[in-house]
Amino acid sequence: MLIEPGELLAQINSPEDLKKFPKEKLVQICDELRHFIVDNVSVYGGHFGASLGVVELTVALHYVLNTPQDQLVWDVGHQAYGHKILTGRRDQFHTNRIFGGISGFPKRKESEYDSFGVGHSSTSISAALGMAVASKYKGTGIQNVAVIGDGSMTGGMAFEAMNHAGVSDSNILIVLNDNCMAIDPNVGALKDYLTDITTSHTYNKVKDEVWKLLGKFSKFGSSAQEVISKVEGAIKSALLNQSNLFESLNLRYFGPVDGHDVNHLVEILDDLKDIPGPKILHCVTVKGKGYEPAEKGNQTTWHAPGTFDKVTGEIYKKSPSKPQAPKYQDVFGHTLVELAEQDERIMGITPAMPSGSSLNIMMEAMPDRAFDVGIAEQHAVTFSAGLATQGLKPFCNIYSTFMQRAYDQVVHDVCLQNLPVVFCLDRAGFAGADGPTHHGAYDIAYFRCIPNLVVAAPMNEQELRNMMYSSLSHEGPYSIRYPRGKGVMPEWRTPFEGIPLGQGRIIKEGEEVAILTIGHIGNYAVEACETLASEGLNPAHFDMRFVKPLDEELLHEIFGKFSKVVTVEDGCLMGGFGSAVLEWMMDHGYQAQVKRLGIPDEIIEHGEQIELQEACGFDPRGIASAVRSMATVEKLS
């Protein structure tokens, strides 16, 4: 179903079309754009609150800037739906995040208006600064703008980039979209600092007057600008000492301003174009603005609510006809509390994803033992290492894709010191509609090469619980990976049992071909074996459970009996589980035909998890096909 745009929005196929309208029409355009986003996301799903919060800012930026020549970088990118709609993708927007459709994030190969591909937090200022320095070097006069949320500002990379920007003398504008939210509510001192700025009535009244003076004086030359700039700085220091955070980094600070007053934003952005050097514009916005259920309801829920009734705000949820298996993240959250009630050493840590990881369950039950450290994966890991040196047992829960940002800390701060930190890697494997920036494709490969680190993956909820339990008695670092979504056990609260380190298990005895799986994907092999049994084929199936250490005793048994082996993993083939099996086979002098199934050496786009697994050939049918082809070869020979 194609959603029809409003009267004015229907005429906008590019920012050039937007500029043809007088300023008096911008409010109506914003209203139509907001309604178009609501209409589409309510039917097709996707990120929601963040894009509604920047509708006016999006329109103002494209109205003032000369995009795509001027370059606009959206941090993370889930706030860029309006940007996509205004830049030629309105009629394709219904395919957003759908297999074969447009990406849910800005993507360079998708549009010339997407100047930088994003998906992870806190990268926009660094990228825009690189562009701004290049512009200065080449003398192009291009405007470079980074739009970053206050949640992303908690990432250390944003501060590193601002520190550099202040001494670069480049023409970069940082737009701080301040709505007091990331996916979950923001935490930390920065949140309090921004709140102090936005609620200081005295400061803002005087600031408005200074702003008006600056605009008037700027028309009379650089000397007048210099004078008013000094006056502005003195007033800032006198009224709100804390405002020097940005000024101390040599960034000209403007704001805070109402991020929902599109005409005022146009005036401000137009003025800022003529002010040279690095600067920051602080816009105060409301996540979910203009849609009452999202604006006034649970903003974490409305970050990406799925499909919903746009009139009532009711989020559609299917009522299952039979008991359902829980999400792996919820099994983690409840199990951690259960273990923590038995073991006082346990602490929980997450970088800004308490609801996504379900650490919020422990944060509510044991607030002094569970920590949201903000969008700061590096800090989360080293903070966990510090806890471990004091005899505590930290469970550091980070999405697989975000763990990439803390790799040095895993190596340097945890594994080199052999500290007992438990890494729980959520969203391992394909992340689904979020696409390649969020796929957890590489953690097996990048973790198994690190000394001292255990690499484990449960096939079901019971194994997740038992691995978490077993990690408590391990004296070094221990990682457990599990996928996004549901497991397979509606009755999952089983008694804890220890799993011996590096011990796999036999799921099914068989002949001709051995299937070796790691993690949840092993359930697909079970389904494949059932299909093959109806065809008279009887492969064996082994759940290896550990990539490191491998179960050598079990592997000797497998390669001693089978000359045909299929390995299956929801991770990259290069350096992954299958590679580990091949290395072991060669090191021990075995010869066998091994077929590896997993994520190939290419970027896999967005889509439903099963669609992507099918495309890569490790869904149940793909596994059955691989076994069938190997068994057929053997029979023909």
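The values are calculated or read from the model by the stated rules, or taken from the named source; none is laboratory data. A quick note: this is a predicted structure, and the numbers were derived from the prediction, not measured. Backbone-built Cβ (ideal geometry, glycine too); neighbour counts: all protein chains shown.
Filtering 563, 579 for residues that are farther than 15 Å from residue 514 by Cβ and of a type in the set (S, T, N, Q) leaves a single hit, 579.
Here is a yes/no grid of residues against (1) assigned by TED's automatic domain parsing to the domain that holds residue 349; (2) part of a loop (DSSP other than H, G, I, E, B); (3) farther than 23 Å from residue 579 by Cα; (4) among the basic types (Lys, Arg):
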{"position": "434", "(1), (2), (3), (4)": "yes, yes, yes, no"}
{"position": "445", "(1), (2), (3), (4)": "yes, no, no, no"}
{"position": "450", "(1), (2), (3), (4)": "yes, yes, no, no"}
{"position": "458", "(1), (2), (3), (4)": "yes, yes, no, no"}
{"position": "465", "(1), (2), (3), (4)": "yes, no, yes, yes"}
{"position": "473", "(1), (2), (3), (4)": "yes, yes, yes, no"}
{"position": "494", "(1), (2), (3), (4)": "no, yes, yes, no"}
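Taking the criterion of being assigned to a loop (DSSP other than H, G, I, E, B) and either modelled with pLDDT of 95 or more or surrounded by fewer than 24 Cβ atoms within 10 Å (Cβ to Cβ) (or both), the residues of segment 418-432 that qualify are 418, 419, 420, 421, 427, 428, 430, 432. Sub-6 Å Cβ pairs linking a first residue in segment 153-165 that is among the polar types (S, T, N, Q) to a second residue that is in a helix (DSSP H, G or I) and at pLDDT below 90, at least 6 apart or interchain, are 154/190, ordered by first then second residue.
Yes/no per residue for (1) closer than 28 Å to residue 466 by Cβ; (2) surrounded by fewer than 21 Cβ atoms within 10 Å (Cβ to Cβ):
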position: 522; (1), (2): yes, no
position: 538; (1), (2): no, yes
position: 552; (1), (2): yes, yes
position: 584; (1), (2): yes, yes
position: 604; (1), (2): no, yes
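In segment 141-161, the condition of being modelled with pLDDT under 90 and more than 22 Å from the chain's Cα centre (by Cα) is met by at least one residue. Of the candidates 385, 376, 352, the single residue that is crowded, with 21+ Cβ neighbours inside 10 Å and within 15 Å of residue 477 (Cβ to Cβ) is 385. Right, residue 137: aromatic (Phe, Trp, Tyr), surrounded by fewer than 24 Cβ atoms within 10 Å (Cβ to Cβ) and within 28 Å of residue 430 (Cα to Cα) or not? Judged against the criteria, residue 137 is not a match. In segment 390-447, what count of residues is obtained for those that are without any contact (Cβ under 8 Å) to a residue 60 or more places away in the chain, closer than 17 Å to residue 350 by Cα and among the small types (Gly, Ala, Ser)? Summing the residues that are without any contact (Cβ under 8 Å) to a residue 60 or more places away in the chain, closer than 17 Å to residue 350 by Cα and among the small types (Gly, Ala, Ser) in segment 390-447 gives 1.
Taken over segment 580-637, the residue count meeting the criterion of being free of Cβ contacts under 8 Å to residues at least 60 places away in the same chain, assigned to a helix (DSSP H, G or I), within 25 Å of residue 429 (Cα to Cα) and charged (D, E, K, R) is 2. Does at least one position in segment 499-518 carry a residue that is of a type outside the set (Phe, Trp, Tyr), at pLDDT 95 or above, out of contact with any strand residue (DSSP E or B) (no Cβ under 9 Å at 6 or more places or on another chain) and within 22 Å of residue 424 (Cα to Cα)? So far as segment 499-518 goes, yes, one or more of its residues are of a type outside the set (Phe, Trp, Tyr), at pLDDT 95 or above, out of contact with any strand residue (DSSP E or B) (no Cβ under 9 Å at 6 or more places or on another chain) and within 22 Å of residue 424 (Cα to Cα). With the structure loaded, tell me whether residue 81 is of a type in the set (Phe, Trp, Tyr), surrounded by fewer than 20 Cβ atoms within 10 Å (Cβ to Cβ) and within 28 Å of residue 180 (Cα to Cα) or whether it fails that test. Against the criterion (of a type in the set (Phe, Trp, Tyr), surrounded by fewer than 20 Cβ atoms within 10 Å (Cβ to Cβ) and within 28 Å of residue 180 (Cα to Cα)), residue 81 does not qualify. Scanning for something outside any loop (DSSP other than H, G, I, E, B), over 26 Å from residue 337 (Cβ atoms) and in contact with a helix residue (DSSP H, G or I) (Cβ under 7 Å, 6 or more places away or on another chain), does segment 391-406 turn up at least one residue? Among the residues of segment 391-406, at least one is outside any loop (DSSP other than H, G, I, E, B), over 26 Å from residue 337 (Cβ atoms) and in contact with a helix residue (DSSP H, G or I) (Cβ under 7 Å, 6 or more places away or on another chain), which makes the answer yes.
When the residues of segment 41-61 are filtered to those that are of a type outside the set (Val, Ile, Thr) and surrounded by fewer than 24 Cβ atoms within 10 Å (Cβ to Cβ), the one that is modelled with the lowest pLDDT is 46.
Are any residues in segment 115-139 in a loop (DSSP other than H, G, I, E, B) and in contact (Cβ under 8 Å) with a residue 24 or more places away in the chain, and if so, which ones? Listed by number, the residues that qualify are 115, 116, 117, 118, 119, 120, 121, 122, 123. If the condition is being surrounded by 18 or more Cβ atoms within 10 Å (Cβ to Cβ) and polar (S, T, N, Q), then segment 458-489 contributes 460, 462, 466, 470, 471, 479. Among the residues of segment 490-518, write down those that are crowded, with 18+ Cβ neighbours inside 10 Å and more than 27 Å from residue 559 (Cα to Cα). Selection gives 492 alone. In this structure, residue 69 does satisfy being at negative phi, modelled with pLDDT of 90 or more, in a loop (DSSP other than H, G, I, E, B) and not hydroxyl-bearing (Ser, Thr, Tyr). If you check residue 111 against the conditions, is it modelled with pLDDT of 90 or more, surrounded by fewer than 21 Cβ atoms within 10 Å (Cβ to Cβ) and in contact with a helix residue (DSSP H, G or I) (Cβ under 7 Å, 6 or more places away or on another chain)? So residue 111 fits the description; yes. When residue 21 is tested against (1) modelled with pLDDT of 95 or more; (2) buried (at least 21 other Cβ atoms within 10 Å of the Cβ), exactly one condition is not met: (2). Selection of first residues in segment 545-562 that are assigned by TED's automatic domain parsing to the domain that holds residue 523 and free of Cβ contacts under 8 Å to residues at least 60 places away in the same chain and of second residues that are of a type in the set (D, E, K, R) and buried (at least 19 other Cβ atoms within 10 Å of the Cβ), restricted to Cβ pairs under 9 Å at least 6 apart or on distinct chains, gives the following pairs, ordered by first then second residue: 551/545. Take the residues in segment 570-606 that are β-branched (Val, Ile, Thr) and in contact with a helix residue (DSSP H, G or I) (Cβ under 9 Å, 6 or more places away or on another chain); name whichever of them is farthest from residue 522 (Cα to Cα). Filtering first and then ranking leaves 604.
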